[in-house]
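Chemist: Can you keep this structure in mind? I'll have questions shortly.
The values are calculated or read from the model by the stated rules, or taken from the named source; none is laboratory data. If you're wondering where the values come from, they're calculated on a predicted model, not measured in any experiment. We place every Cβ from the backbone using ideal geometry, glycine too, and count neighbours over all the protein chains shown. Heavy atoms of the whole protein, side chains included, go into the accessibility calculation; ligands, DNA and RNA do not. Shrake-Rupley method; radii C 1.70, N 1.55, O 1.52, S 1.80 Å.
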Amino acid sequence: MPLLGRHERDSMRPELRDVIEYRKSGLSVNWIVGCPLDCGYCVRHLFDNYDMKVPKALMTDTAAVRMLLDHQYFQPHITPIQLLNRATDPMLPRVKQHLFEALRMLDARELTNQVLVITRWRIEHEDCAFFNSLRHIRLTVLVTHSGIDNEQVEPVDSGIAANSLRIAHDHADRYRVILYWRPIVAGLNDSDEHLRRAFELSYHAHATVFTGLFYKEQIRAYYQANGLPEPYDEAARRKVFPETLEQRILAGAAEHGVGSPLFRKTSCAVTYAHGVADYNGHYGIRGLCDICPGSQQHKCEEAWQRPDRARVAEMTERLGGQFLGMTDGAIVVSGLAEPPRYLMQHTFAFQVHDAARPHHPSHHGRADIGWPTIKETP
């Protein structure tokens, strides 16, 4: 794959040139940019990069892995990792060999970190053989499937992802497979038939995550400019997932049955699939756990513990923030951006919340759209 020229690099947004970004699901490494799949809701809109269709590399695979391992927030055997999940699809033919090389290098160092690979493209039998050859990293393949049949919004046939899910699950040995059911959008892919198809697909996964749409201003502007049906009347910082939609999904799952448990949060599904406690410490937010299998709740309960207050205060101050205290389920801080908060969260396996962005009961970190502004606590 060709490396981006200096002029191309200089014309890109600084955020896109920044290869490593700390997200809630882990340190995200994105050294390849460009994707031809044209999903209308793609986060590449946020980086003014949606029109770059041919994947190109910002650096070599070796340099990207070295940058990860040298990152100030990386902790061997602790920090979850995401590969090529922001600016391309890692299973595209031009990209896949680079993904595999990065996975080889991480595995060769005998790291046991959780590694997440998210795709909506084709997974073949030989890909599964490679995944099974990895001996140390805890690999999870998350197959994105929406069932959206409006080609203006999502021109990629969802049947491709469905077939990939089946193949990946059928051949899984040393890795795990998640049905990443997203984005679910009210009025677009939430009919009873859409739900039924997703429930059927859940039988081909070790766990299922369901979640909504990032409908930020840049994505809304693209919808408006291209005459796409706007799903909501306003944009939002967090994912939009109305309360009634969640209730319909949970009721439908109870009625029709599912082959793998449903989870609201990615890390909950990933850790369940690997038989370990959630690395994000969601157990402290009890309302999240009401749909989790009892065995997983027990596992998370055993591992979950309130961190030492003095250690938390010291780390918060060292990272440049202010420690405000601890609730029953979360550390509360101010003055810290998301990356240092996630570093603390993964270090302590305990939720870390920004006082300026409160979490409303039952919203579970989602946008207020479709939810009461204030939710009474039972």
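Chemist: Taking 0.36 nm per intervening residue step and subtracting the Cα-Cα distance, what contour gain separates His136 from Leu37 on full extension?
Modeler: Length gained, His136 through Leu37: 32.5 nm.
Chemist: Could you tell me what fraction of 2.2 N^0.38 Å the Cα radius of gyration of the stretch 246-322 comes to, as a two-decimal ratio?
Modeler: 1.38
Chemist: Short version: ³J(HN,Hα) in whole Hz for each residue of the stretch 41-48, in order, from phi by Karplus 6.51 cos²θ - 1.76 cosθ + 1.60 (θ = phi - 60°), x for Gly and Pro, what are they?
Modeler: Values, residue by residue: 9, 4, 5, 4, 4, 5, 10, 6 Hz.
Chemist: Calculate the dipole size of the stretch 127-177 relative to its Cα centre from +1 charges on Lys and Arg beta carbons and -1 charges on Asp and Glu beta carbons; express the result in debye to the nearest 20.
Modeler: Approximately 520 debye in magnitude.
Chemist: Could you give the distance between the Cα centres of the stretch 140-161 and the stretch 279-335, to the whole Å?
Modeler: Centre-to-centre (Cα) distance: 34 Å.
Chemist: For an R0 of 25 angstrom, estimate the FRET efficiency from the Cβ-Cβ distance between Asp368 and Leu228 and round to the nearest 0.05.
Modeler: 0.60
Chemist: What range in the chain is the longest one free of GluC sites (Glu not before Pro) that are in a loop by DSSP and have at most 13 other Cβ atoms within 10 angstrom?
Modeler: No qualifying site falls inside 235-375, the longest such stretch.
Chemist: Here is the link list: Lys96/Lys239; Lys24/Lys299; Lys24/Lys216; Lys96/Lys216; Lys53/Lys265. Which ones come out longer than 26 Å on Cα distance?
Modeler: Exceeds cut-off: Lys96/Lys239; Lys96/Lys216; Lys53/Lys265.
Chemist: Of Leu188, Leu201, which has the most accessible area and how do the rest follow, probe 1.4 Å?
Modeler: In descending accessible area the options line up as Leu188, Leu201.
Chemist: A follow-up question, please. So if we plug the beta-carbon distance of Ala251 and His359 into 1/(1 + (r/R0)^6) with R0 = 22 Å, what FRET efficiency do we get, rounded to 0.05?
Modeler: Between Ala251 and His359 the formula returns 0.35.
Chemist: About the Cα centre of the chain, what is the dipole size in debye to 20, counting +1 per Lys and Arg Cβ and -1 per Asp and Glu Cβ, all else neutral?
Modeler: 840 debye
Chemist: Separate question: Mind putting together the pair-distance distribution for the chain? All Cα pairs, 10 Å bins, whole percent per bin, short to long.
Modeler: 5, 23, 34, 28, 9, 0
Chemist: Then there's this: Can you compute 3J(HN,Hα) from phi for each residue in the stretch 123-133, using the Karplus curve 6.51 cos²θ - 1.76 cosθ + 1.60 with θ = phi - 60°, rounded to whole Hz and x for Gly and Pro?
Modeler: These are the phi-based 3J(HN,Hα) values: 10, 9, 4, 5, 5, 5, 4, 5, 4, 5, 7 Hz.
Chemist: Note down the magnitude of the dipole of the stretch 141-240 about its Cα centre, charges +1 on Lys and Arg C-beta and -1 on Asp and Glu C-beta and zero elsewhere, to the nearest 20 debye.
Modeler: For this selection, approximately 520 debye.
Chemist: Residue farthest toward the positive end of the dipole of the chain, with Cβ of Lys/Arg at +1 and Asp/Glu at -1: which of Ala236, Thr60, Val43?
Modeler: Farthest towards the positive pole: Thr60.
Chemist: Now for a separate question. Accessible area, 1.4 Å probe, largest first: how do Arg109, Arg309, Arg138 sort?
Modeler: Per-residue accessible area, sorted high to low, gives Arg309, Arg109, Arg138.
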